[in-house]
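A quick write-up on the structure given underneath.
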Amino acid sequence: GALAAFATRAGATLVLNEIDPFRHSLLRAVFGGEATGHDGEHIDDLLQTQILPDVVVMNPPFHDGRAADPKLGARFIRAAAGLLTGAGRLWMVANRHLPYEAALAEHFGDVAEIGGDTRFKILTATGARRPGAKAAKGRRA
């Protein structure tokens, strides 16, 4: 929600997604519109909009229950690459210890850490190159 609030202030048109029912209802209430409830790991296959995003902003999960699984976040990165054209940009917040750089490099041509501290990092990536990525039919942030 906080990431979406910054995008709204910048004038973006949002396509919101949250699988958790409580957070999903909060997104709908706060942003006054539709929000999908898809599993973000498969968002590139499940999103039914004809408009593809210019930007994907995410803070991917890294655990299922109590067990940490960084591969879960890596699957979200793959899905984001499937939504973006080569000109699109991924912005991602992640805990510092999570090794997402290899997954980012696998699915994007240009990856950079642009901020953070000892607890978290802010990563950005462009040049989505996942085979079979959807072609742009329109642009939406």
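Of the residues that sit in region 107-125 and are touching a residue at least 24 places away in the same chain (Cβ under 8 Å) and outside any strand (DSSP E or B), which one is farthest from residue 86 (Cα to Cα)?
Initial filter on region 107-125 (touching a residue at least 24 places away in the same chain (Cβ under 8 Å)): 107-108, 119-125.
With outside any strand (DSSP E or B) added as a condition, the list becomes 107, 119.
Numbers: 107: 10, 119: 30 Å.
My answer is 119.
Take the residues in region 83-97 that are under 20 Å from residue 7 (Cβ atoms) and in a loop (DSSP other than H, G, I, E, B); name whichever of them is modelled with the lowest pLDDT.
85
What do you reckon, is residue 10 at pLDDT 75 or above, within 18 Å of the chain's Cα centre (by Cα) and surrounded by fewer than 16 Cβ atoms within 10 Å (Cβ to Cβ)? Please lay out each step first, then the result.
Numbers: at pLDDT 75 or above: yes; within 18 Å of the chain's Cα centre (by Cα): yes; surrounded by fewer than 16 Cβ atoms within 10 Å (Cβ to Cβ): yes.
In short, yes.
So which residues in region 76-94 are over 19 Å from residue 18 (Cβ atoms), over 10 Å from the mean Cα position of the chain (by Cα) and not hydrophobic (A, V, I, L, M, F, W, C)?
Hits for region 76-94 are 85, 86, 88.
Kindly provide the set of residues from region 56-82 that are hydrophobic (A, V, I, L, M, F, W, C), at pLDDT 85 or above and open to solvent by less than 50 Å² (accessible area, probe 1.4 Å), ordered by number.
Step one: filter region 56-82 for residues hydrophobic (A, V, I, L, M, F, W, C), giving 56-58, 62, 67-68, 72, 74, 76-77, 79-81.
Right, trim to at pLDDT 85 or above and you get 56-58, 74, 76-77, 79-81.
Within region 56-82, 56, 58, 74, 76, 77, 79, 80, 81 qualify.
The values are calculated or read from the model by the stated rules, or taken from the named source; none is laboratory data. Since we're looking at a predicted model, the values are computed, not measured. Cβ atoms come from the backbone with ideal geometry, glycine included; neighbour counts cover every protein chain shown. Keep in mind that these areas ignore ligands, DNA and RNA; they rest on the heavy atoms of the full protein, side chains included. Shrake-Rupley method; radii C 1.70, N 1.55, O 1.52, S 1.80 Å.
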